[in-house]
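Following: one structure in structure tokens, then a few remarks.
Please treat every number below as a calculation from the coordinates, not as lab data. If you're wondering where the values come from, they're calculated on a predicted model, not measured in any experiment. In this analysis, Cβ positions are derived from the backbone assuming ideal geometry, glycine residues included, and neighbour counts consider all displayed protein chains.
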Amino acid sequence: MNELPTGTVTFLFTDIEGSTRLLHELGDGYAEALAEHRRVLREAFTVHSGVEVDTQGDAFFVAFAQARDAVAAAATAQRALASGPIQVRMGIHTGEPLRTDEGYVGMDIHRGARIAAAGHGGQVLVSQTARELVHDDLSDEFALRDLGEHRLKDLSRPQRIFQLVADGLEREFPPLATLQNRQTNLPPQATPLIGRERELAEVVALLRRPDIRFLTLTGPGGAGKTRLALQAAADLLDDFGDGVFFVGLAGIADPSLVLPTIAQALGVKEAGSLSPADALEGFVRGREVLLVLDNLEHLLAASPQVSELVLNAPSVKAILSSRAPLRVTVEHEYPVPELADPDAVALFSERAQAIKPDFRLNGDRPTVAAICRRLDGLPLAIELAAARAKVLSPKALLDRLDQRLPVLTGGARDVPDRQRTLRDTITWSYELLDETEQMLFSRLGVFVGGFTLEAAEQVSGADLDTVASVVEKSLVRQGEDRFRMLETIRDFALERLAEDGELEQFRRRHVDFFLALAEREASDTQTSLARLDSEHDNLRGALQFARELDEPRLELRLASALSNFWEFRSYLREGREHIREALDRDPEAPAELRLPALTRGTMIAIKQGDLESARRLAEEKRRLHAAMGDEKGVGDSIHLLGLVAITEGRYADARALLEQGKSIRERVGDEADQASSFHVLGLLAMDEGQFERARAELGAALAIAEKHGMERWIANSQCDLAFAELGDRRVEEARLLFGEALAAAARMGWTENVAFCLVGCSALAAGAGELDHAGHLLGQAERLCEEIQLKLEVYAEAVQDRVADELRSRLGEDRLEALRAEGRLLSVEDAVSEAFAALGSS
């Protein structure tokens with residue numbers, strides 16, 4: 001496929017006129033005619049240097065670097081199709097779209113498609129921008145007829161449209177299918193709808209279903225409900241013979257005025273003794289009409305009357321935008337989601353260019369994507385942020401988004417006041433709540449990353465009905481088993497909580513709840529780890545709240561309770577920092593609070609290669625246990641000091657310490673502790689190159705772990721025993737063990753052990769001649785180690801270096817680095833799959 005052109009690009013859109021009718025007329029011959037139509041079009045595009053961007057059904061989207069080539073391709077195609085049964089409408093438009101991995105996005109794409117949709121079979125329409133580019137460069141065989149200004153179904157302001165005229169092309173057509181040729185009062189919009197293709201298609205499809213008469217688009221303020229409703233209505237103009245009418249209700253305060261406002265929009269006059277409501281009902285009863293009722297959330301008392309109006313008129317439908325469903329029997333609700341990343345970036349870029357014409361994404365695409373995610377994909381928030389592009393670079397804007405609401409001000413003057421700033425928009429929703437709902441809404445702001453109903457009940461004093469009410473009013477969103485607030489809305493809630501003087505109280509309740517959860521789930525079982533994973537953002541928030549409350553003891557208790565979680569989930573960098581800070585802030589805490597943090601802090605420091613800190617923490621742990629007369633704890637501390645000595649390369653000291661710790665554990669510990677001793681002695685033997693001894697020690701550790709069903713220890717022992725088998729050149733045994741260990745580590749989400757296994761699998765792949773696999777696995781293992789700041793143990797690092805040297809020798813430095821780079825780009829899931837492929841061929 002040719003490279004898509006960039007910069008100024010001309011688009012050609014095609015679509016078959018009356019495809020459904022043709023299908024019925026041609027029957028079995030339709031498929032053959034469709035295939036011939038595609039062949040003809042593709043041949044014309046190719047001859048004139050067009051690049052096919054997308055094909056959907058019977059429509060083509062093609063890009064040209066030169067506008068004259070697009071015109072020539074359209075003429076060639078239309079002439080070739082003229083004598084066949086299929087007639088195609090075409091639209092040509094020029095712009096500067098945003099290029100993505102999937103193709104193009106942006107306003108110009110939508111405008112080009114809308115221009116094509118306005119035409120008729122055999123007709124070629126050309127936009128003003130394309131005409132300006134091609135006018136002086138047009139071949140003598142072509143002319144452009146001015147069809148005047150037209151409002152397209154993208155709801156933009158009038159656009160001048162031209163028709164391509166040439167020999168062999170039909171010249172006379174019915175009026176264009178544009179807004180001025182339809183009965184409608186749909187208001188013009190400053191820009192076309194960006195993104196939302198999936199949502200738009202779904203909404204249009206719902207309104208075309210005979211059983212759906214009353215569709216309510218719900219979502220928070222700024223979600224783009226109104227814009228989506230308007231575009232769906234524009235796309236449905238041809239479905240409603242008596243028109244599509246917009247009724248704005250934001251400025252109406254009295255529910256009794258809703259029906260008269262609808263009547264006014266439809267031009268219904270009072271007649272004789274009939275009330276406005278009766279006159280309206282009589283007017284719509286025999287007509288095909290689509291009503292677009294905008295902002296009904298503050299007028300819910302009028303819902304029964306609106307519902308009755310629609311029900312009594314068989315050919316009338318209504319699409320509504322509301323922050324809360326109306327709760328009438330005929331209603332079908334459609335929650336409007338946040339914008340997906342590519343669409344959000346395209347929207348930001350379009351709006352930024354509108355106020356700063358030289359704005360280009362260039363290398364800022366990841367930063368703009370991060371901005372859009374921080375703004376929850378809310379179109380209004382993104383537009384307000386883009387308005388700052390005139391004075392702030394994307395990076396500077398991202399840095400300022402910690403205070404979202406003050407930054408997001410200064411919207412366009414031609415939008416409602418409540419949409420001029422994001423705070424005004426959220427305030428509009430907040431004021432729809434009653435006092436109890438407002439109180440709960442503010443208190444729910446303390447949750448970070450969502451919450452369960454149980455958490456809301458215990459922390460915020462919620463009840464199910466009130467939670468359901470704030471969900472209905474689009475201030476809280478509901479998932480399968482959790483609720484969440486968009487971060488922009490959460491900022492507003494916290495502001496209200498602070499104004500009410502309750503911020504400290506409910507932050508303390510939040511800390512207490514999640515401390516109890518962390519202490520209850522402080523184990524390495526998959527169930528506990530998964531529970532803590534689901535609340536990771538809240539746990540981070542609780543640590544921050546404890547710090548802000550200046551409660552060092554709370555912070556240490558929470559850090560100690562989470563220390564297992566951080567190590568076993570490979571949050572090494574995060575865990576080590578929190579443990580260090582908590583220990584430093586509360587040096588006088590009781591031993592039972594410090595010891596869990598000291599234990600895991602030592603282990604994480606060893607894994608990250610900070611041996612000085614590891615030794616200091618282990619020595620403090622030994623002193624505390626000795627002061628308590630806890631011999632088992634002393635033995636555990638000596639064991640940790642032995643690990644430090646191994647990592648430092650002091651093998652004689654390490655063996656002495658480990659044997660001493662093992663002796664104490666055999667006397668006063670349990671068998672699980674002994675498994676740990678066997679395991680680490682096996683690691684020491686590997687580092688010393690004594691692989692047979694290492695196999696014996698690690699085999700003993702594995703046997704104990706299997707006896708007691710210790711899932712994590714089984715996977716760990718399998719991985720390290722596989723390295724010992726590899727060192728002893730027992731390739732088949734190593735392959736089986738690495739396969740079992742990798743499967744378990746991947747299932748548990750244990751990044752650390754996945755990285756070790758990938759190093760081992762790279763060695764097996766290299767030995768089997770699967771050099772690309774080996775290079776990819778090395779790259780992925782390196783990425784994971786960097787990501788969690790893990791330093792490989794001596795034996796694994798030696799294997800890693802040996803594989804790299806072998807690949808360098810066989811492939812050369814450049815190829816090795818290319819394979820490593822490719823491996824780093826893999827997802828963990830894809831890397832694991834590749835590792836299993838390598839194991840299968842080794």
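At a glance:
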| read-out | value |
| --- | --- |
| Loop-located GluC sites (Glu not before Pro) in the range 465-513 whose Cβ has at most 11 other Cβ within 10 Å (DSSP) | Glu480 |
| With 5 Å bins from 0: P(r) over the range 260-333, alpha-carbon pairs, percent | 3, 16, 27, 26, 18, 7, 2, 0 |
| Over the range 438-593: Rg over Rh, Cα atoms, Kirkwood Rh | 0.99 |
| Förster radius 25 Å - calculated FRET efficiency between Leu311 and Asp254 (Cβ-Cβ, nearest 0.05) | 0.60 |
| The range 417-512, relative contact order in percent, only Cα pairs under 8 angstrom and at least six apart counted | 33 |
| Under-5 Å amide H pairs with Leu186, H placed in peptide plane, nonlocal only | Phe246 |
| Global geometry of the range 551-650, whether rounded, prolate or oblate, following the gyration tensor of its Cα atoms and the 1.5 cut on a/c | oblate |
| Descending principal axes extents, the range 320-402, alpha-carbon based, whole Å | 51, 24, 19 |
| Estimated FRET transfer efficiency (Glu813, Asp653; beta-carbon r; R0 45 Å; 0.05) | 0.70 |
| Relative contact order (%) - criterion: Cα under 8 Å, at least six apart; region: the range 522-658 | 17 |
| Distance between modelled label sites at Asp728 and Gln183, nm, 7 Å Cα→Cβ extension | 8.9 |
| Length gained when the stretch His24-Asp500 is fully extended (0.36 nm per residue, less Cα-Cα span) | 164.7 nm |
| Highest to lowest packing among 229-241, 148-160, scored as the average C-beta count within 10 Å | 229-241, 148-160 |
| Full-stretch length increase - Glu96, Thr55 - with 0.36 nm per residue and alpha-carbon distance subtracted | 12.7 nm |
| Cα-based radius of gyration of the range 691-760 once divided by 2.2 N^0.38 Å, which approximates compact folds | 1.00 |
| Spin-label model distance (nm) - His135 vs Val391, 7 Å beyond Cα toward Cβ | 3.9 |
| Ratio Rg/Rh [Cα only; Rh per Kirkwood] for the chain | 1.06 |
| Arg373-Glu581 pseudo-label distance in nm [points 7 Å out on the Cα-to-Cβ vector] | 2.1 |
| Where N is the number of residues in the range 647-735, Cα Rg divided by 2.2 N^0.38 Å | 1.06 |
| Normalised contact order of the chain, rounded percent, pairs of Cα under 8 Å and 6 or more residues apart | 6 |
| Distance between the range 45-86 and the range 708-778 - C-alpha centres, whole angstrom | 54 |
| Cut-off 19 Å (backbone N to label point 7 Å along Cα→Cβ of Asp512), residues of the range 448-475 | 448, 452-463 |
| Length released on extending from Asp481 to Arg553, taking residue separation times 0.36 nm less the Cα-Cα span | 22.7 nm |
| Pairs beyond 24 Å (Cα-Cα), from Lys356/Lys473; Lys607/Lys707; Lys225/Lys473 | Lys356/Lys473; Lys607/Lys707 |
| Enclosed volume per residue, in Å³, of the convex hull spanned by Cα atoms of the range 494-573 | 88 |
| Kirkwood estimate for the range 212-316, i.e. one over the average of 1/r between Cα atoms, Å | 14.3 |
| Projected area averaged over orientations for the range 138-235, convex hull of C-alpha atoms, nm² | 9.0 |
| Rounded FRET efficiency, nearest 0.05, which uses the C-beta distance separating Asp630 from Glu740 and R0 of 35 Å | 0.45 |
| Long-range amide H partners of His708 with built H, under 5 Å | none |
| Sparsely packed trypsin sites (Lys or Arg not before Pro) within the range 193-283, loop by DSSP, other Cβ within 10 Å at most 11 | Lys269 |
| More than 17 Å apart - percent of Cα-Cα pairs taken over the range 1-121 | 53 |
